[in-house]
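The values are calculated or read from the model by the stated rules, or taken from the named source; none is laboratory data. Note that the structure is a prediction, hence the values are computed from the model and not measured. Note: ideal-geometry Cβ built from the backbone for every residue, glycine included; neighbour counts use all protein chains shown.
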Amino acid sequence: MDFTPGTTVSLTITKVPVAEGHKKTLARLMRMQPDIQRGLTRVAKRRQHKNREQQRGGRIWTSRIRATKLVRVATGESFTLFVSPQIVSDLQAVASYVQSK
């Protein structure tokens with residue numbers, strides 16, 4: 001596949017990678033969508049208010065809630081993103097697992 005910087009591309013996952021690094025790369029690319037970023041920001045702000053604070057050893061200790069995952073790397077999942085020069089190498093690394101529309 002040819003990923004030209006400055007274009008918008010729609011991708012569909014055709015096969016879930018076995019290697020953990022490729023799964024993480026696909027998840028990171030999926031999180032670059034503007035609507036997913038808005039959702040992550042909204043959930044992070046809500047999560048800040050739910051952290052449990054307690055006294056532990058004479059100091060305030062904060063038990064933080066785990067981050068919510070809004071993307072899922074699975075066969076058939078589609079996403080659209082703007083191709084910048086910084087992510088071209090990531091897209092080429094996972095090109096065998098995605099199909100361009």
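Pick out the one residue from R52, R66 that is touching a strand residue (DSSP E or B) at 6+ places or on another chain (Cβ under 8 Å) and either at pLDDT below 95 or polar (S, T, N, Q) (or both).
Just one listed residue meets the conditions, R52.
As an exercise: evaluate I60 against (1) touching a strand residue (DSSP E or B) at 6+ places or on another chain (Cβ under 9 Å); (2) among the aliphatic types (A, V, I, L, M); (3) surrounded by 13 or more Cβ atoms within 10 Å (Cβ to Cβ) and give the number of the one condition it does not meet.
(3)
Working carefully through the options A27, A67, A74, find the one that is within 19 Å of the chain's Cα centre (by Cα) and surrounded by 13 or more Cβ atoms within 10 Å (Cβ to Cβ).
So the residue among A27, A67, A74 that is within 19 Å of the chain's Cα centre (by Cα) and surrounded by 13 or more Cβ atoms within 10 Å (Cβ to Cβ) is A27.
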